[in-house]
1. For E53, work out the one condition from (1) surrounded by fewer than 13 Cβ atoms within 10 Å (Cβ to Cβ); (2) in contact with a helix residue (DSSP H, G or I) (Cβ under 6 Å, 6 or more places away or on another chain); (3) acidic (D, E) it doesn't fulfil.
2. Which ranges mark the helices (runs of 4 or more DSSP H) fully within segment 45-120 that have 2 or more residues being within 30 Å of Y22 (Cβ to Cβ)?
3. How many residues does segment 166-190 hold that are crowded, with 18+ Cβ neighbours inside 10 Å and closer than 28 Å to T75 by Cα?
4. Taking only segment 259-268 into account, find how many residues are open to solvent by 20 Å² or more (accessible area, probe 1.4 Å) and more than 9 Å from the ligand (Cβ to nearest atom).
5. Listed residues A157, A141; which is more than 16 Å from the ligand (Cβ to nearest atom) and crowded, with 19+ Cβ neighbours inside 10 Å?
6. Under the condition of being part of a strand (DSSP E or B) and not charged (D, E, K, R), which residue from segment 166-191 is nearest to the ligand (Cβ to nearest atom)?
7. Taking only segment 192-246 into account, find how many residues are outside any loop (DSSP other than H, G, I, E, B) and either open to solvent by 40 Å² or more (accessible area, probe 1.4 Å) or within 16 Å of the ligand (Cβ to nearest atom) (or both).
Amino acid sequence: MPTYQAPLEDYKFIIEDVLDTYSCYADIPQFSGVNSEFMDSILAEAGRFAEQEIQPLNQAGDLEGCRIENGEVFTPKGYKEVSKKYIDGGWTQLSESPQYGGQGLPYILNGAIGEMNLSACAAFAIYSTRDGSIAAIEKNASQEIKDKYLPKLVEGAWGGPMCMSEPHCGSDLGLLRTKAIAQSDGSFVISGTKMFITGGDSDLSENNIMLVLARTEGAPQGIKGISLFIVPKFLVNDDGSLGQRNNTHVGSIEHKMGLHGSATCVMNYDQAKGFLIGKENKGMTAMFAMVNRSRFLIAQQGTALAAVAYQNAAKYALERTQMRALTGAKNPEQAADPIIVHPDVRRLLLTQRAFVEGSRALNLYVAKLFDELEYSTNPTRKKQCQSLLDLLTPICKGFSTEMGWECVNHGLQVFGGHGYIRKMAWSNLCVTPVPRPFMKAPQAFRRWIC
Ligand SMILES: Cc1cc2nc3c(=O)[nH]c(=O)nc-3n(C[C@H](O)[C@H](O)[C@H](O)COP(=O)(O)OP(=O)(O)OC[C@H]3O[C@@H](n4cnc5c(N)ncnc54)[C@H](O)[C@@H]3O)c2cc1C
């Protein structure tokens, strides 16, 4: 039975020994109760959830995928049940503000837990993140909007997709055409089409609070004429209950090469009702809180996929026997030695491991900077953190995804022809116990790798 093993010792090593996190949090009163024992227990439980609940979702996600029926999106078998357990367990609330029902814990926890969830099943994990939309609303919206939408987003009952891309514009958002027309009651009427919207709709949430970029009438051309709007799937009444169905519709789900369990939607807004977030024409600035969290999520995804590819490749290299070691038989009792004895296979595995451990440390460092930026009581430190985040967040995303891709390729190479067989392809997302960091590697691995 395939499994995924959460790298808890690595997280502990990075959080405590590499980043000296608890000393850095010393000037943050909110984190006064955060210590090693507390963090270990949360990460252990999150690891158990990723291994036992999330990881088994891979098969249904890959084979069955999402489907659309009468305009509603349905996720693969098991997603709904595990999502409910995830929400009931309070995992969406961990590092959110207590003012809106969050637990106010460090974001570095999300840094580790996000990676575990993505390693266990990336398609499922990306539905469970709402921190980007929460950050954008919290930092830019009026108090009325925050009170109306944030508690349910923090609770996990509502989803919060990011709706920027359009069929003719991806990197160049200045080209976007979705229109917003102001109404006498202060709301806007939104019309246009977005594409590639992750979780644009799904059966995992009772409402979807879409953050949509659009252009108001008479707005300047290009990036300076874009505003940000909340467009809920169901309008929300003043008492917080769900009201009328808004004119938002899923046009289709993309047929992607992988990640079939994640619904990547074409979204149509047909005179839908929307509400301005932040100032008119300052949408890109407002959206940046979300974009930066999304960049971080994608960085975690690069590391997570590299990590799970490494786990599988290392295990396979210990089991698969082909040819003899250059220095003489290492397994004389068998017809051949395990492939881990071959220098080039070791090169592939060690490259993967070096990348995984390094990028994991970089991601957690960035998560710690988010914490310090948000809560440090030292203004000079806050300024430093902002500068470091401006520099490192895009680097983190670019480096982790490019190297993550490379590492998954290395994993395929270790599997040889078996890496291209379907059964192996999905089962290689799932592994049995895996080598720990170098000095803590199990005996068998150390024997071959040293
Ligand atoms: C699985 C998936 C999920 C997604 N989820 C979301 C989502 O939730 N919300 C959302 O709004 N969008 C989402 N996107 C869209 C994503 O943000 C865009 O794909 C991305 O912005 C690139 O846009 P594009 O695909 O139109 O490529 P284009 O912008 O057309 O670019 C094509 C190529 O040209 C390169 N290029 C473009 N401009 C330059 C330049 N100046 N210099 C060098 N190279 C350049 C690009 O890097 C790319 O390689 C998702 C996409 C995918 C595939």
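1. The failed condition is (1).
2. Details: elements: 58-63, 79-88, 107-120.
Filter on segment 45-120 gives 79-88, 107-120.
3. 3
4. So the count comes out to 3.
5. Values: A157 fails: crowded, with 19+ Cβ neighbours inside 10 Å.
After applying the criteria, what remains is A141.
6. Keep residues of segment 166-191 that are part of a strand (DSSP E or B), which gives 166, 169, 179-182, 188-191.
Now restrict to residues that are not charged (D, E, K, R): 169, 180-182, 188-191.
On the way: C169: 7, A180: 16, I181: 22, A182: 23, F188: 19, V189: 21, I190: 15, S191: 17 Å.
The qualifying residue nearest to the ligand (Cβ to nearest atom) is C169.
7. The qualifying residues number 27.
So that you can scan it fast, the table gives a plain yes or no per residue for (1) at pLDDT below 95; (2) farther than 19 Å from Q55 by Cβ:
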| position | (1), (2) |
| --- | --- |
| E402 | no, yes |
| N409 | no, yes |
| G419 | yes, yes |
| R422 | yes, no |
| W426 | yes, no |
| T432 | yes, no |
| P435 | yes, no |
| A441 | yes, yes |
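The values are calculated or read from the model by the stated rules, or taken from the named source; none is laboratory data. Since we're looking at a predicted model, the values are computed, not measured. Quick reminder, even Gly has a Cβ in these numbers, built from the backbone with ideal geometry, and neighbours come from all protein chains shown. Each accessible area value is taken on the protein alone, full model and side chains, heavy atoms only, with ligands, DNA and RNA left out. Shrake-Rupley method; radii C 1.70, N 1.55, O 1.52, S 1.80 Å.
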